[in-house]
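The values are calculated or read from the model by the stated rules, or taken from the named source; none is laboratory data. None of these values were measured; they are calculated from a predicted model. No Cβ is skipped: glycine too gets one built from the backbone with ideal geometry, and neighbour counts run over all protein chains shown. Surface accessibility is based on the protein's heavy atoms, side chains included, excluding ligands, DNA and RNA. Shrake-Rupley method; radii C 1.70, N 1.55, O 1.52, S 1.80 Å.
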Amino acid sequence: MADLGLYWRTIKHLKLVQITNRLKRRFVGKHVSNAPAPNVRHNPQHFAAPIARQQSILDNNHFLFLNQQNSITNPQHWNHPEIGKLWLYNLHYFEGLLNPNTDTNIKQSLIRRWIAENPVASGNGWEPYPNSLRISNWIKWSLTGHPLDQETLDNLAQQIRYLVKTLEFHLLGNHLFANAKALVLAGCYFEGDEAKGWLNKGLAILKTEMSEQFLSDGAHFELSTTYHSLLLEDVLDMINIMRAFDIPYPNQWNHVADQGLKWLAIMTRPDGLPPLFNDAAYGITPRFDQIQAYAHNLGFEVSVYEKSTLTLLDDSGYFRFDGSAYSFIGDAGQPGPTYIPGHAHCDLSSFELFAHARPVIVDTGTSTYEVGERRTIERSTAAHNVVQIADGEQSEIWGGFRLADRAIIVKRETTENSLHLKYQDYQGHNISRDFFFSADDITVKDSVTCDQVATARFHLAPGITPKKTETGFQIGDMRIDFKNALSFDIEDYHYAPEFNKLIPSTVIIVTFQKKLETTIR
């Protein structure tokens, strides 16, 4: 275990950073110019319609985010202490502007209300991440035929000026990328020297971050299908607006978009959804078909995954094999970037399995970012389809977004129909998992070097009722059999495909010593 003193020093450091940033925002807020906004560029050549969002603005006072509905009836409610931070962030994003079914008058009224009730540098809405998303969404909505009045433009300029002074270099990752995107959109939307400065600032950040955050196999480096989709959309949005105003942009962006589309095609399940590795959830990002359509409108080739031999995405570590009636997507990669692993789970060697395009074995998912028992459970080894030694963890998770010592890949090899993975958990246990594929069968061989009892888990999709046999379980026309098992049984667990949604289901739990062979037919 990592030194306890290190934990306290880290916590104290994080608290100091939070306090420093809060004081910095207050100071900066007092010195943000309230001068009129620069002039808006007119007559874009062709701005492709951005990806639409689900309806979240129900009326003037009621909003639906993350499967929770709340009322915002007075200025204090924008920062309501009893409403979760992520929900409030979504409230300030203004993604609801991009829902075509919400009344335009309600949208315009909500913008005016936000301006009146959220003074500069006050509350959640002025934190850099929600500020960045709101800037981008107001601009995208404006360019779809909804010009902003002068009061809104002046306030938007204040938001941008404030963002320039509060960029999230201390967090990096997807947060800094969102900051840079907002500056690029702002620099294209407005004209003049100030706007040019915003654009150049955004481009300077992206010169480093585009290469840093997108791996050579196309994946976003935080290794979450959710964040990959969000940042791929960001890249497409920036290409869209820069083309519309005939502003040159790096050709690298086209390559990143193309590779990102190909990666997502491989990582998309037969039912059109992504697997839920690491922090990932449905309902908060565009579907793959929406991203494909958007990219196609911008001139990119539609990426289609074609069944072949085993496909390994080498940098991100994900792999896929498709049999005659099944699809298998697995994780054989490291737990994300070393310096920001906050979205990583203990899911090394985990997988999802689909038979006849329907989910059978699934990842538990992510239902919350709030620090607490549920957050810890969903990041834990026991929440994934992996081997657990005693009650240990693959990596040392703590807090809501913290990872200390972590699992290390020792060896990874592939053939046309197999993958061998050997790794060491943070406590020093060596674990090997071999996958063998044929048209109708999957064999998983697990081995551990210690003498402790190990547990392998297989989380079943909701609605599946396994029937126990002498050697395993029967699930419809599929059999799962275990060799060398000490015991096998089923227990209840909660599947979490979306935020704030827990669905009862069952997990197969198998205990063994040294070796276990699982065959799925």
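Only one of the numbered conditions (1) more than 27 Å from Ala35 (Cα to Cα); (2) touching a residue at least 40 places away in the same chain (Cβ under 8 Å) is not met by Gly192, and that is (1).
If we scan the range 182-190, do we find a residue that is among the β-branched types (Val, Ile, Thr) and touching a Gly at 6+ places or on another chain (Cβ under 8 Å)? Within the range 182-190, one or more residues are among the β-branched types (Val, Ile, Thr) and touching a Gly at 6+ places or on another chain (Cβ under 8 Å).
From the list Val444, Val410, Val448, the lone residue that is open to solvent by 50 Å² or more (accessible area, probe 1.4 Å) and hydrophobic (A, V, I, L, M, F, W, C) is Val410. Selection over the range 338-359 of residues that are open to solvent by 10 Å² or more (accessible area, probe 1.4 Å) and over 14 Å from the mean Cα position of the chain (by Cα) gives a count of 7.
Among the numbered criteria (1) assigned to a loop (DSSP other than H, G, I, E, B); (2) open to solvent by 40 Å² or more (accessible area, probe 1.4 Å); (3) touching a residue at least 24 places away in the same chain (Cβ under 8 Å), which single criterion is violated by Ser395? Unmet condition: (2). For the range 454-477, filtering for residues that are part of a loop (DSSP other than H, G, I, E, B), of a type in the set (Val, Ile, Thr) and open to solvent by less than 70 Å² (accessible area, probe 1.4 Å) leaves 3. Which residues, taken from the range 193-247, are touching a strand residue (DSSP E or B) at 6+ places or on another chain (Cβ under 8 Å), assigned to a helix (DSSP H, G or I) and open to solvent by 10 Å² or more (accessible area, probe 1.4 Å)? Within the range 193-247, Trp198, Tyr227 meet the criteria.
Scanning the range 73-122 for residues that are closer than 14 Å to Gln55 by Cα and either open to solvent by 60 Å² or more (accessible area, probe 1.4 Å) or of a type in the set (Gly, Ala, Ser) (or both) yields Gly96, Pro100, Asn101, Asp103. Of all residues in the range 55-72, one or more are buried (at least 18 other Cβ atoms within 10 Å of the Cβ), touching a Ser or Thr at 6+ places or on another chain (Cβ under 9 Å), β-branched (Val, Ile, Thr) and not in a helix (DSSP H, G or I). Restricting Thr511, Thr465, Thr506, Thr518 to those that are modelled with pLDDT under 95 and within 33 Å of the chain's Cα centre (by Cα) reduces the list to Thr465. Mind checking whether some residue in the range 176-191 is open to solvent by 40 Å² or more (accessible area, probe 1.4 Å) and out of contact with any Phe, Trp or Tyr (no Cβ under 6 Å at 6 or more places or on another chain)? Scanning the range 176-191, I find at least one residue that is open to solvent by 40 Å² or more (accessible area, probe 1.4 Å) and out of contact with any Phe, Trp or Tyr (no Cβ under 6 Å at 6 or more places or on another chain), so the answer is yes.
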